[in-house]
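Down below is the structure, laid out as structure tokens.
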Amino acid sequence: GGTDPLVGRVELCVNKTWGTICDDYWDDNDASVVCRQVGFSAEGARARSSSYTERLKSFHIVDLHCNGTEENLFDCPHNLVQLYSCSYHKDANVQCTASNASTNCTTGHVRLTGGQSQYVGLVEICYGGVWKSICPRGWDNREAQVVCRQLGFTSVGADSINVGKGFGPLHSSYFNCTGSEAALLNCSYYTSSCYYSYHAGVECESPCIEGAVQLEGDNKYKEFGRVEVCINGTWGTICDNGWENNDATVVCRQLGYSPYGAIAKASYFTEGWLPFHLYSVNCSGNESTLLNCSYSTTGTCYNIQDAGAICQSVGVAYDNCTDYTVRLVDGATAREGKVQICLNRVWGAFCKRDNSNYNVDANIICRELGYNTG
């Protein structure tokens, strides 16, 4: 009946139908059992009445008499509504507190809850012995870096995310960090109202395996993206100075894609927060891993110069063609067909763009093939 998940009208299912509870004799002991049954803390549960009445659902039980220790409402003495009457506006309501909200925690400590791993989740901070969610006003990667560092994770690659809204109380401050602080309470913070539909969340980088590589930047297609490499347990990028197809070939092979048709990309899916781990990478194309190539760990590079790669599926095979050669295939005659171009020893198709001038493109391709015009 409300926007706060800890407060509302109590409904229970009987014979596959949701109904309400008459608030006659409704007290805090009854409320404790409800809160415990739905996964919140039984401590601090408060019985309320008529606050969220909708007057649509029927009553299922009346005269509930719990002692507060039961695990389920139906373990409590009660009467069936068929035998007793209750005014239609007297729906029982409850106010719960979040589980483990009061745990004698240490002020300033932080934790992540509700995530799929220990590295991601809703941020909670202990204040006055109570775990509290944080208003996301001004919350960005700088605050995320501090939280991850305080939790003992790497701050590199820390990201602020929306993972929903917490169930417990809300810390009445918003934080303003530089990103270098050791703890969240070392940042500036200010008392503020919070009108957001979600609370602050973070995703910290999980430890990686030395020398591992990954492609990042596109959530849908995993075969291309910014190349990241793991050095000393953290992900970093590669400066694209001198980055060539032979280098991309090694990355694609290491990731399990075909070593043929790999295409090196410069300034690709750039980010700006990860450090450069490698500079002046120079592979022959035959290496099994990127760290088997020659490279430098120092250099100068702008933060938009992330090296990238486009990989081909493992079934793509080698073809002894020359880069940038074009050909026509599947046509009725030798002068027509689908256009293909050779890149890194693999034939591939052109992407058809809606804003292309097809006549100009066709003329160039036909002259490349030895014809007059297209």
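Overview of results
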quantity: In the range 41-76, residue surrounded by the fewest Cβ atoms within 10 Å (Cβ to Cβ) [restricted to those that are among the acidic types (Asp, Glu) and at pLDDT 75 or above]; calculated: 71
quantity: Checking residue 198 against (1) within 20 Å of residue 305 (Cβ to Cβ); (2) among the aromatic types (Phe, Trp, Tyr); (3) not assigned by TED's automatic domain parsing to the domain that holds residue 254, the condition it does not meet; calculated: (1)
quantity: Top-ranked residue of the range 242-267 - restricted to ones that are aliphatic (A, V, I, L, M) and touching a Cys at 6+ places or on another chain (Cβ under 6 Å), ranked as surrounded by the fewest Cβ atoms within 10 Å (Cβ to Cβ); calculated: 250
quantity: Hey, residue 140 within 30 Å of residue 311 (Cα to Cα) and of a type in the set (Asp, Glu) or not; calculated: no
quantity: Residue in the range 190-198 that is in contact (Cβ under 8 Å) with a residue 40 or more places away in the chain and surrounded by 20 or more Cβ atoms within 10 Å (Cβ to Cβ) present; calculated: no
quantity: Failed item, numbered, when residue 218 is tested on (1) crowded, with 19+ Cβ neighbours inside 10 Å; (2) part of a loop (DSSP other than H, G, I, E, B); calculated: (1)
quantity: Residues located in the range 291-322, provided they are surrounded by 10 or more Cβ atoms within 10 Å (Cβ to Cβ) and touching a Lys or Arg at 6+ places or on another chain (Cβ under 8 Å); calculated: 306, 307, 308, 309, 310, 318, 319, 321
quantity: Strands (runs of 3 or more DSSP E) completely within the range 236-301 that count 1 or more residues being aliphatic (A, V, I, L, M); calculated: 258-265, 276-282
quantity: Selected residue [at pLDDT 95 or above, of a type in the set (A, V, I, L, M, F, W, C) and surrounded by 15 or more Cβ atoms within 10 Å (Cβ to Cβ)] from 238, 161, 231; calculated: 238
quantity: Selection within the range 122-135 - within 25 Å of residue 156 (Cβ to Cβ) and either surrounded by fewer than 21 Cβ atoms within 10 Å (Cβ to Cβ) or of a type in the set (A, V, I, L, M, F, W, C) (or both); calculated: 122, 123, 125, 134
quantity: Of all residues in the range 346-363 being over 37 Å from the mean Cα position of the chain (by Cα) and surrounded by 13 or more Cβ atoms within 10 Å (Cβ to Cβ), the one that is modelled with the lowest pLDDT; calculated: 361
quantity: Test for residue 181: is it charged (D, E, K, R) and touching a helix residue (DSSP H, G or I) at 6+ places or on another chain (Cβ under 7 Å); calculated: yes
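The values are calculated or read from the model by the stated rules, or taken from the named source; none is laboratory data. From a predicted model like this one, the values you see are computed outputs, not experimental measurements. Please note: Cβ atoms are built from the backbone with ideal geometry, for glycine as well, and neighbour counts cover all protein chains shown.
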